[in-house]
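The values are calculated or read from the model by the stated rules, or taken from the named source; none is laboratory data. Please read these numbers as outputs of a predicted model, since none were measured by experiment. Don't worry about glycine lacking a Cβ; one is built from the backbone with ideal geometry, like all the others, and counts go over all protein chains shown. Calculation scope for accessible area: heavy atoms of the full protein, side chains included, ligands and nucleic acids excluded. Shrake-Rupley method; radii C 1.70, N 1.55, O 1.52, S 1.80 Å.
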Amino acid sequence: MFGTDGIRGRAYRDVTPDTAARIGAAVVSVFGCERVVLGHDPRPSAGDLIDGLLRGLRGAEVDLLGVAPTPAVAFCSAADGVPGIVVSASHNPYHDNGVKIFGPGGRKLSDGEQEAVASALRSSAAPRGAAAVAVDASARLDAYLQGVAASVRPGALEGMRLVVDGANGAASAPAPTLLRRLGASVRTVACAPNGRNINDGCGAASPGLIAGETRRGEVGLAFDGDGDRVVAYDRRLIDGDCIIALCGIDRHERGRLAGSTVVVTVMSNIGLHRAMASAGIAVVTTPVGDRHVLSALEDGGWELGGEQSGHVVFRDLATTGDGLLTAVQLLDVAARRGERLGDLAAGAMTRHPQVLRNVAVGRGAAEVLAAVQPAVEKVRAGLGDRGRVLVRPSGTEPLIRVMVEAPSEAEAASAAESLAAEVRERAG
């Protein structure tokens, strides 16, 4: 039931109000909590799923943040030492929804905690009867914004011109508000959520919009639907790999990169690995999912890591990936150094051509993956040490993801398309 980031699927089919009620009851059962922090993104199904959660959370006090970025829920969860729950499907289309759970202290669930919640879900029926009473706690969002602002000096972004793509999601109001507080001039696009337009041709997963909207002298920022990731644009796309490279080098040069180490996933570009080696920074690699990144950071005592998608974790500043915090930290590097962000990004790493293909699967992903392994190994052998191949199931959607890195875009695209065709044939 759990993917790489909580429980997610088609609203009212895979994720129903009754599912939400069982999740709420499981959280109360596993953590024995008397209070819970609850927030959601603007999807039209959010209200019904919130109602379901409240049925399951009966007996607990619930602070309802309303429409709030996922990291804001984690912030309040950490501040209060209580579990947090977010109703969101992140970068998925509006018709999907899901539930993310933070344990007491605002941290993603450990493997043991996740299995305990899953076990409780498997053994329970949807609760009926009286629901928990939710208290309007939307005013607490400002404490979260103040916390992010406190990570840099006052007026740190003075004079910067920004354009913000809020993905018509949970960051649409908080992101421009905070960036203006820090001194930036902010223009917005895709910051008018109506529920159905979340992630619709906008946001971090569709960076073409921010690339087209960013004018000369501006820096573009594109968040995802629940605000826990961001990519930037300044004459070039600055994705999570480049953000980690840039912030990692900046921290390392200032003696503030714990263990001279960053943590990334198997999807990170080989160019990041080479850039970190040149800078004297070690790289630890994990499976896909910020939960795995966070676990490695905590185990190693390191502080910076994340995913190419723009999910970046500053563990000394937050308990989870935070798009708004990441944007502020990234822009602060450029402000302190007095250089264009695009120029700094170009110098931080050289991206190896990487092509991604997503293929919908109509049957078990494991069976399809096993069937295409001979083709994968053939492409891998052909590339040798000149590139990489990764074929894996998505942890958030019914897809198999194909990634190929090669010396040229054309070679990477050709190899990726041939493998995608193999997957389609086997999945059909």
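For residue 148, the test of being in contact with a helix residue (DSSP H, G or I) (Cβ under 9 Å, 6 or more places away or on another chain), without any contact (Cβ under 8 Å) to a residue 60 or more places away in the chain and either under 30 Å from residue 316 (Cα atoms) or open to solvent by 60 Å² or more (accessible area, probe 1.4 Å) (or both) is failed. Could you tell me whether region 69-78 includes any residue that is open to solvent by 10 Å² or more (accessible area, probe 1.4 Å), within 20 Å of residue 131 (Cβ to Cβ) and in contact with a Gly (Cβ under 6 Å, 6 or more places away or on another chain)? No, region 69-78 contains no residue that is open to solvent by 10 Å² or more (accessible area, probe 1.4 Å), within 20 Å of residue 131 (Cβ to Cβ) and in contact with a Gly (Cβ under 6 Å, 6 or more places away or on another chain).
Given the criteria assigned to a helix (DSSP H, G or I) and touching a Phe, Trp or Tyr at 6+ places or on another chain (Cβ under 9 Å), does residue 330 qualify?
It is false that residue 330 is assigned to a helix (DSSP H, G or I) and touching a Phe, Trp or Tyr at 6+ places or on another chain (Cβ under 9 Å).
Could you say whether any residue in region 223-244 is in contact with a Gly (Cβ under 9 Å, 6 or more places away or on another chain), within 24 Å of residue 74 (Cα to Cα) and among the basic types (Lys, Arg)? Yes, some residue in region 223-244 is in contact with a Gly (Cβ under 9 Å, 6 or more places away or on another chain), within 24 Å of residue 74 (Cα to Cα) and among the basic types (Lys, Arg).
If you go through region 85-115 and keep only what is of a type in the set (Gly, Ala, Ser), open to solvent by 40 Å² or more (accessible area, probe 1.4 Å) and touching a residue at least 24 places away in the same chain (Cβ under 8 Å), you end up with just 110. Kindly list, by first and then second residue, each pair from a residue in region 174-195 that is of a type in the set (D, E, K, R) to a residue that is not in a helix (DSSP H, G or I), limited to pairs with Cβ atoms under 6 Å and residues at least 6 apart or on different chains. So the pair list comes out as 180/186; 187/163.
Checking the stated criteria, residue 24 turns out not to satisfy the condition of being outside any loop (DSSP other than H, G, I, E, B) and touching a Ser or Thr at 6+ places or on another chain (Cβ under 8 Å).
Only one of the numbered conditions (1) under 28 Å from residue 238 (Cα atoms); (2) surrounded by 14 or more Cβ atoms within 10 Å (Cβ to Cβ) is not met by residue 385, and that is (2).
Search region 266-296 for residues being within 22 Å of the chain's Cα centre (by Cα) and either polar (S, T, N, Q) or more than 25 Å from residue 356 (Cβ to Cβ) (or both), and hand back the single one that is most open to solvent (accessible area, probe 1.4 Å). Checked region 266-296; the qualifying residue most open to solvent (accessible area, probe 1.4 Å) is 285. Restricting the search to helices (runs of 4 or more DSSP H) fully inside region 201-310 and requiring at least 1 residues that are in contact (Cβ under 8 Å) with a residue 12 or more places away in the chain and over 30 Å from residue 173 (Cα atoms) gives 240-253, 270-279, 290-300. Given the criteria within 26 Å of the chain's Cα centre (by Cα), crowded, with 18+ Cβ neighbours inside 10 Å and part of a helix (DSSP H, G or I), does residue 412 qualify? The answer is yes for residue 412. Condition test on residue 263, is it within 13 Å of the chain's Cα centre (by Cα), farther than 26 Å from residue 142 by Cβ and of a type in the set (A, V, I, L, M, F, W, C)? Considered against the rule, which asks whether it is within 13 Å of the chain's Cα centre (by Cα), farther than 26 Å from residue 142 by Cβ and of a type in the set (A, V, I, L, M, F, W, C), residue 263 comes out as no. Residues in region 95-150 that are charged (D, E, K, R) and in a helix (DSSP H, G or I): 111, 113, 115, 122, 140, 142. Candidates 30, 82: the one that is hydrophobic (A, V, I, L, M, F, W, C), open to solvent by 10 Å² or more (accessible area, probe 1.4 Å), part of a loop (DSSP other than H, G, I, E, B) and over 17 Å from residue 130 (Cα atoms) is 82.
Do we find that residue 161 is of a type in the set (Lys, Arg) and in contact (Cβ under 8 Å) with a residue 12 or more places away in the chain in this structure? I'd like the intermediate steps shown before the answer.
Working: of a type in the set (Lys, Arg): yes; in contact (Cβ under 8 Å) with a residue 12 or more places away in the chain: yes.
Yes: the conditions hold for residue 161.
Filtering region 153-186 down to residues that are buried (at least 16 other Cβ atoms within 10 Å of the Cβ) and part of a strand (DSSP E or B), which residue is farthest from the chain's Cα centre (by Cα)? Going through the qualifying residues, I end up with 186. Checked against (1) under 26 Å from the mean Cα position of the chain (by Cα); (2) touching a residue at least 60 places away in the same chain (Cβ under 8 Å); (3) closer than 13 Å to residue 130 by Cα; (4) surrounded by 21 or more Cβ atoms within 10 Å (Cβ to Cβ), residue 51 passes all but condition (4).
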